[in-house]
Amino acid sequence: MKRLLEKIFTDAWRVGFVTLLVLLILEVLQKGFVSRFFNVNWVILFLFAVSVIILSVTSRKQEERRSGYASLQMLGVVAALIVWIGLPDDLRVFWRAVASGGILVLALLSWPLINNR
Amino acid sequence: MKHAKHIRNAFLAGWILIAATLVIGIALKNLPPDGQLATTAFPGEPSAFFAGFRPEQRVSVIPDAYAVLEDEPIYFAMAAPPFFHRATVRLEYLNEGQPKVELGGRASLDEWRFELKPLETVGSDREWLAGEASFDLGALAVDRRGEVQMVVSMPDMQKGNYAPVKVRRIDILYEREPVTPTSIIEAIRKRL
């Protein structure tokens, strides 16, 4: 079951990553093509969430999991930064901090959850 | 697990379907088949199509109600989506004594010059009027961010008539030719 879940969410990560690339290419080719109608941060958050799930169901060696956790932390910092920058300018700093801080806390909390499995 | 492969494939198809729906949905928003893209904005809530009135010292925004234009000229940035040729801007406003309210679009990136048009009244709701002006996007100066600078002008304020104008809603209708199989073939043929 764990192996199946890992495969399912690895597929989801790949599809999400390709989608993110396609959206970024469209935005670079034509500014506003994507960003006027859709916030790309949602795809980044999706990738982040799927990464957490993959790490939590994967059954690899401790060292590999540590390096996976380090990657997750890095991804968490990048995602938090992108969310901070990407959220609308008129949004209050409090909500900006809640969104970015929430991602960072999630990245930090994910380790004990994964480790205790 | 007996059906593991089928389950995985079913999920994969689901992920791909969600991703394709997202990308096609965004493409359809940019190129609507009927050739019309309608957006609505409110003065206190800047959107991807309307960046809010400025400068701030000439505008008082009453949250969830309206913006009071206390001096002139008032500027705002409006998105100019690349595939549309025409934009009709409609303001819902309450005029408290200005004989002339005009809307303009920046005509050149090299100079601060605007193509001004009087607001044509197209409807009313008690004292609130709906006035609109249409602009050929090809004739306006679109900057690198894909925006056009617009202006609300009340020339009599310069002559001492300080009656404010309140704006509660901004509707923008972008138009292009409808997308049909013939128009797609024609567009491809033009590029070959």
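Quick note: the coordinates plus some simple rules give every number you see, no bench work behind them. A quick note: this is a predicted structure, and the numbers were derived from the prediction, not measured. As a convention, Cβ positions derive from the backbone with ideal geometry for all residues, glycine included, and neighbour counts pool all protein chains shown.
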Checklist line | For segment B:57-143, the spread of Cα positions along each principal axis, largest first, Å | finding: 36, 29, 27
Item checked: All-pairs alpha carbon distance profile, segment B:97-184, 5 Å steps from 0, percent -> 3, 11, 18, 20, 17, 14, 9, 5, 2, 1, 1, 0
Check: Can you pick out the pairs among A:31/B:100; A:7/B:2; B:117/B:166; A:7/A:31; B:29/B:166; A:31/B:29 whose Cα atoms lie more than 24 Å from each other?
Finding: A:31/B:100; A:7/A:31; B:29/B:166
Margin query: Full-extension gain between residue B:186 and residue B:108, please, as 0.36 nm times their residue separation minus the C-alpha to C-alpha distance.
Written below: 25.0 nm
Checklist line | Longest site-free stretch - chain B; sites: chymotrypsin sites (Phe, Trp or Tyr not before Pro), DSSP loop, at most 14 other Cβ within 10 Å | finding: B:1-111
Notebook entry, point to check: Pulled fully out, how much extra length does the chain show between residue B:86 and residue B:40, if you take 0.36 nm times their separation in residues and subtract their Cα-Cα distance?
Noted result: 14.9 nm
Check: Taking H as built 1.01 Å from N, whose amide H comes closer than 5 Å to the amide H of residue B:50, not counting residues under 5 places away?
Finding: B:79
Check: Which percent of Cα pairs goes in each bin when the distances of segment B:50-89 are cut into 10 angstrom slices starting at zero?
Finding: 26, 43, 24, 7
Check: Mind checking the log10 I(q)/I(0) for the protein assembly as shown at q = 0.07, 0.16 Å⁻¹? Debye, one equal scatterer per Cα, no solvent, two decimals.
Finding: -0.41, -1.27
Notebook entry, point to check: How big is segment B:121-163 on each of its three principal axes, counting only the C-alpha atoms and giving the largest first in Å?
Noted result: 38, 28, 16
Next item on the list: Return one quarter of the surface area of the convex hull spanned by the alpha-carbon atoms of segment B:14-68, equal to its mean projected area, in nm².
Entry: 5.9
Checklist line | Extension gain from residue B:144 to residue B:96, taking 0.36 nm per residue of separation minus the Cα-Cα distance | finding: 13.6 nm
Next item on the list: With a cut-off of at most 10 other beta carbons within 10 Å, and DSSP calling the residue loop, which GluC sites (Glu not before Pro) in segment B:105-186 qualify? Please list them.
Entry: B:111, B:127
Checklist line | segment B:1-146 - Debye-derived log10 I(q)/I(0), Cα point model, q = 0.13, 0.19 Å⁻¹ | finding: -0.71, -1.30
Check: For the residues A:85, B:172, what sequence is obtained by ranking on other C-beta atoms within 10 Å, fewest first?
Finding: A:85, B:172
